[in-house]
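S.K.: Sharing a structure with you now.
The values are calculated or read from the model by the stated rules, or taken from the named source; none is laboratory data. These numbers were taken from a predicted model, which means no experiment stands behind them. All Cβ positions, glycine included, derive from the backbone under ideal geometry; neighbour counts span all protein chains shown.
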2 protein chains.
Amino acid sequence: MTTTFEKPILTIDLVPLTVRDGRLCVLLAERGQEPFAGRQALIGGYVHVDKDCNLGETARRVLRDKVGLSKLYVEQLSTFSGADRDPRGWSASVAYFSLTPFECLQPALNRTGLDLVDIAAVSGLPFDHDLIVRAAVERLRGKGAYSDLPARFLGESFTLPELHRVYQIVLGERINIDAFRRKVLERDFLEATGEKRTDEGATRPSALFRLKSAASVFDRRF
Amino acid sequence: MTTTFEKPILTIDLVPLTVRDGRLCVLLAERGQEPFAGRQALIGGYVHVDKDCNLGETARRVLRDKVGLSKLYVEQLSTFSGADRDPRGWSASVAYFSLTPFECLQPALNRTGLDLVDIAAVSGLPFDHDLIVRAAVERLRGKGAYSDLPARFLGESFTLPELHRVYQIVLGERINIDAFRRKVLERDFLEATGEKRTDEGATRPSALFRLKSAASVFDRRF
């Protein structure tokens, strides 16, 4: 006996995060089509079964086509689903988030309809996009407390005071600099580049560091 | 312009985990239908858009119908996808894992085709089910080091020596009992029931504890 079921809609949604002017921000786009045409929402797209070898590829294709960016670090967040989340019908959307230095996202802001929005100001997005953004921030904060994830908002090399600032922005709280330095070095995900740089406003040069594994343990394949 | 895309297949897969005789085990089922009829695999099912209000409901319905269990703690693991993972076509499967005391899964073992398999012995499963099982164990171990997750393998109340044993089984390593006791109490997810019990082989009674929040912060809604 073979039963045929009505298939749900399957899409991906992107939560491209960055830090601009000391604030955690998400890249949103004005929707060109119904439903919710003209409204600001997460950037997303359908799976193209003829083009995408898996959902991670769908996410990277949409990022390339709609944002003009490739080679970004993307991580699967969670799958959001339901009968009511999309007026087109029962749908599931696999959400991916990316963490990028602002300089990488900046060129995308020249595209019509793309905008960076402070995550504290995100509300009233269509579908369940508010929930997806909150879940991405929660994941980042949950992991940020013990992972190298926030370092991905910085360039290839950075000083510990720079890293300290970005952790404070991500976690939304003040962190004692000495305790931070001790913990981060203990976690052993940084290596010194051997060079030094004087940060803006600093009186002495600080050692530069980079992530030991830029690809990282968090670069999931599924 | 409206374009219609071929929709991928959307399913859920279950990774019901438990501890039996000191070993971490997963519940598998013999497949009744093609593809891979007669082979042992994860229990899964299609989304029924007329019945399921979201994918979590699909997971719980499949668990109820195929395993005979309801009210289990299930958590979304990740979504596995691709053109090649299922011979029926491009498919995405949203994997859920559950953590259960052995006593809860035991009745299911009377059902034909259901079997508990030591996760160390899991290999050669059809589809990408080996990968899904590995990802579930990795998630449990990753979270287990700092979460209340392993306590879900125990009954409603348990002693600290019991909890210590189950953490050792989950993490697959010996843990110093004093350091464990200090860390677990520091994390503050347990509360004393006020009662005591003498474990098998112990000379003195130990205080009983339960999880402060049985529903827990990990009980995701999406």
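S.K.: Would you point out which residue out of B:Phe36, B:Phe5 is of a type outside the set (Gly, Ala, Ser), modelled with pLDDT of 95 or more, in contact with a Phe, Trp or Tyr (Cβ under 9 Å, 6 or more places away or on another chain) and surrounded by fewer than 19 Cβ atoms within 10 Å (Cβ to Cβ)?
M.R.: Answer to the selection: B:Phe36.
S.K.: Within the stretch A:30-72, which residues are in contact (Cβ under 8 Å) with a residue 60 or more places away in the chain, out of contact with any helix residue (DSSP H, G or I) (no Cβ under 6 Å at 6 or more places or on another chain), in a loop (DSSP other than H, G, I, E, B) and more than 8 Å from chain B (Cβ to nearest Cβ)?
M.R.: A:Arg31, A:Gly32, A:Pro35, A:Phe36, A:Arg39
S.K.: For B:Leu185, all conditions in the list (1) modelled with pLDDT of 90 or more; (2) not β-branched (Val, Ile, Thr); (3) not in a loop (DSSP other than H, G, I, E, B) hold save one; what is the number of the exception?
M.R.: (1)
S.K.: What tally of residues in the stretch B:188-222 results from selecting those that are within 30 Å of A:Leu77 (Cβ to Cβ), at pLDDT 85 or above and either within 14 Å of another protein chain (Cβ to nearest Cβ) or in a strand (DSSP E or B) (or both)?
M.R.: Counting residues in the stretch B:188-222 that are within 30 Å of A:Leu77 (Cβ to Cβ), at pLDDT 85 or above and either within 14 Å of another protein chain (Cβ to nearest Cβ) or in a strand (DSSP E or B) (or both) gives 2.
S.K.: Residue check: is B:Val166 under 19 Å from the mean Cα position of the chain (by Cα), in a helix (DSSP H, G or I) and hydrophobic (A, V, I, L, M, F, W, C)?
M.R.: So B:Val166 fits the description; yes.
S.K.: Right, something else. Look through the stretch A:73-98, keep the residues that are away from every other protein chain (no Cβ under 14 Å) and surrounded by fewer than 23 Cβ atoms within 10 Å (Cβ to Cβ), and return whichever of them is modelled with the lowest pLDDT.
M.R.: Looking at the filtered set, the residue picked out is A:Tyr73.
S.K.: Restrict the check to the stretch A:40-47 and report whether at least one residue is surrounded by 15 or more Cβ atoms within 10 Å (Cβ to Cβ), in the same structural domain as A:Ser98 (by TED's automatic domain parsing) and closer than 30 Å to B:Gln33 by Cα.
M.R.: yes
S.K.: Only residues that are at negative phi and of a type in the set (Gly, Ala, Ser): list them for the stretch A:181-202, please.
M.R.: Matches in the stretch A:181-202: A:Ala192, A:Ala202.
S.K.: Can you work out which of the residues in the stretch A:5-61 that are out of contact with any strand residue (DSSP E or B) (no Cβ under 8 Å at 6 or more places or on another chain) and of a type in the set (Asp, Glu) is farthest from A:Val170 (Cα to Cα)? Before you say what the answer is, go through the steps one by one.
M.R.: To start, the set of residues in the stretch A:5-61 that are out of contact with any strand residue (DSSP E or B) (no Cβ under 8 Å at 6 or more places or on another chain) comprises A:6, A:21-22, A:32-37, A:48-52, A:57.
After this cut, where a residue has to be of a type in the set (Asp, Glu) as well, the list is A:6, A:21, A:34, A:50, A:52, A:57.
Working: A:Glu6: 42, A:Asp21: 13, A:Glu34: 34, A:Asp50: 38, A:Asp52: 32, A:Glu57: 27 Å.
Within the stretch A:5-61, the match that is farthest from A:Val170 (Cα to Cα) is A:Glu6.
S.K.: I would also like to ask the following. Restricting attention to the stretch B:114-131, does a residue exist that is assigned to a helix (DSSP H, G or I) and at pLDDT below 95?
M.R.: No, the stretch B:114-131 contains no residue that is assigned to a helix (DSSP H, G or I) and at pLDDT below 95.
S.K.: Still on this structure: With the requirement that a residue be within 16 Å of the chain's Cα centre (by Cα), farther than 21 Å from B:Gly142 by Cα and not in a helix (DSSP H, G or I), what does the stretch A:132-158 give you?
M.R.: Selection gives A:Leu154, A:Gly155.
S.K.: Residues that are farther than 19 Å from B:Glu30 by Cβ, within 13 Å of another protein chain (Cβ to nearest Cβ) and touching a Phe, Trp or Tyr at 6+ places or on another chain (Cβ under 8 Å): does the stretch B:123-134 have at least one?
M.R.: Among the residues of the stretch B:123-134, at least one is farther than 19 Å from B:Glu30 by Cβ, within 13 Å of another protein chain (Cβ to nearest Cβ) and touching a Phe, Trp or Tyr at 6+ places or on another chain (Cβ under 8 Å), which makes the answer yes.
S.K.: Cβ contacts < 7 Å: first residue more than 14 Å from chain A (Cβ to nearest Cβ), restricted to the stretch B:8-23; second residue among the aromatic types (Phe, Trp, Tyr), any location; separation 6+ or different chain. Result?
M.R.: B:Leu14/B:Tyr96; B:Leu17/B:Phe97; B:Thr18/B:Phe102; B:Thr18/B:Phe153; B:Val19/B:Phe102; B:Val19/B:Phe153; B:Arg20/B:Phe102
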